[in-house]
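Asker: Below is a structure I'd like to ask you about.
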Amino acid sequence: MIKPILLALIICDHIIREAGSNKYSLIGTFNGIFASNFPCTHPSLCVYIAITEGRGRVPCKLRLTSLDDNKVLFDLPGEIDFGGPTSVAEIPFQFNQIRFEHPGIYAIEFWAGKELLGSRKLNAQKIEQQQRPP
């Protein structure tokens, strides 16, 4: 298998596909989440993938892993059907109600076949709620 090239792996709040042009708009890009308590449930997380240089059908997966304890939060398998080596596949993902057990560093990874093409770190941080004066 010729190794595809990952062009983009972007985390954001929303992905919109525009009618007519079919272009994607990424809304609210971010690199971390903040919660006052853990475990916490993040309401929505989107991941945009752009990949090229693939040949034919290529198995793939998107995985979210805690780097602190190697626990996999999700492992979503799929397949990309490339139109040719110069075509670019754009893949939007939306995940709802993702549970983070503890603060720490997580990794969103994109795999083609058995090869990790790229990853992004996602920092889950605990924030202290400020007390309001009486």
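Asker: Give the range 10-40 a look and list any residue that's assigned to a strand (DSSP E or B), farther than 30 Å from GLU128 by Cβ, of a type outside the set (A, V, I, L, M, F, W, C) and free of Cβ contacts under 8 Å to residues at least 24 places away in the same chain, or say none.
Answerer: Residue satisfying the conditions is SER25 alone.
Asker: Of LEU117, LEU67, which residue is open to solvent by 60 Å² or more (accessible area, probe 1.4 Å) and either at pLDDT 95 or above or among the small types (Gly, Ala, Ser) (or both)?
Answerer: Result of the check over LEU117, LEU67: LEU67.
Asker: Shifting gears a bit: Within the bounds of the range 65-85, is there any residue that is within 14 Å of LEU117 (Cβ to Cβ) and assigned to a strand (DSSP E or B)?
Answerer: So far as the range 65-85 goes, yes, one or more of its residues are within 14 Å of LEU117 (Cβ to Cβ) and assigned to a strand (DSSP E or B).
Yes/no matrix, rows are residues, columns are (1) open to solvent by less than 80 Å² (accessible area, probe 1.4 Å); (2) over 16 Å from the mean Cα position of the chain (by Cα); (3) of a type in the set (Phe, Trp, Tyr):
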residue: LEU6; (1), (2), (3): yes, no, no
residue: HIS14; (1), (2), (3): no, no, no
residue: GLY56; (1), (2), (3): yes, yes, no
residue: LEU73; (1), (2), (3): yes, no, no
residue: PRO92; (1), (2), (3): yes, no, no
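Asker: In addition: Among the residues of the range 20-43, is there at least one that is under 18 Å from GLY113 (Cβ atoms) and open to solvent by 80 Å² or more (accessible area, probe 1.4 Å)?
Answerer: no
Asker: Given the conditions (1) within 23 Å of LYS3 (Cα to Cα); (2) among the hydroxyl-bearing types (Ser, Thr, Tyr); (3) under 12 Å from the mean Cα position of the chain (by Cα), which single one is not true for THR86?
Answerer: Every condition holds for THR86 apart from (3).
Asker: Here is a follow-up. With the requirement that a residue be charged (D, E, K, R) and touching a residue at least 24 places away in the same chain (Cβ under 8 Å), what does the range 74-129 give you?
Answerer: Matches in the range 74-129: ASP81, GLU90, ARG99, GLU101, GLU109, GLU115, ARG120, LYS121, LYS126, GLU128.
Asker: Right, another one. Here are the criteria: (1) in a loop (DSSP other than H, G, I, E, B); (2) out of contact with any Pro (no Cβ under 8 Å at 6 or more places or on another chain); (3) open to solvent by less than 60 Å² (accessible area, probe 1.4 Å). Tell me which single one HIS102 does not satisfy.
Answerer: (2)
Asker: From (1) at pLDDT 95 or above; (2) under 16 Å from ASN123 (Cβ atoms); (3) open to solvent by 40 Å² or more (accessible area, probe 1.4 Å); (4) of a type in the set (A, V, I, L, M), pick out the condition that doesn't hold for VAL47.
Answerer: Among (1) at pLDDT 95 or above; (2) under 16 Å from ASN123 (Cβ atoms); (3) open to solvent by 40 Å² or more (accessible area, probe 1.4 Å); (4) of a type in the set (A, V, I, L, M), the lone unmet condition for VAL47 is (3).
The values are calculated or read from the model by the stated rules, or taken from the named source; none is laboratory data. Model, not experiment: these values are computed from the prediction. Positions of Cβ are backbone-derived with ideal geometry, glycine not excepted, and every protein chain shown enters the neighbour counts. Accessible surface areas use protein heavy atoms only, side chains included; no ligands, DNA or RNA. Shrake-Rupley method; radii C 1.70, N 1.55, O 1.52, S 1.80 Å.
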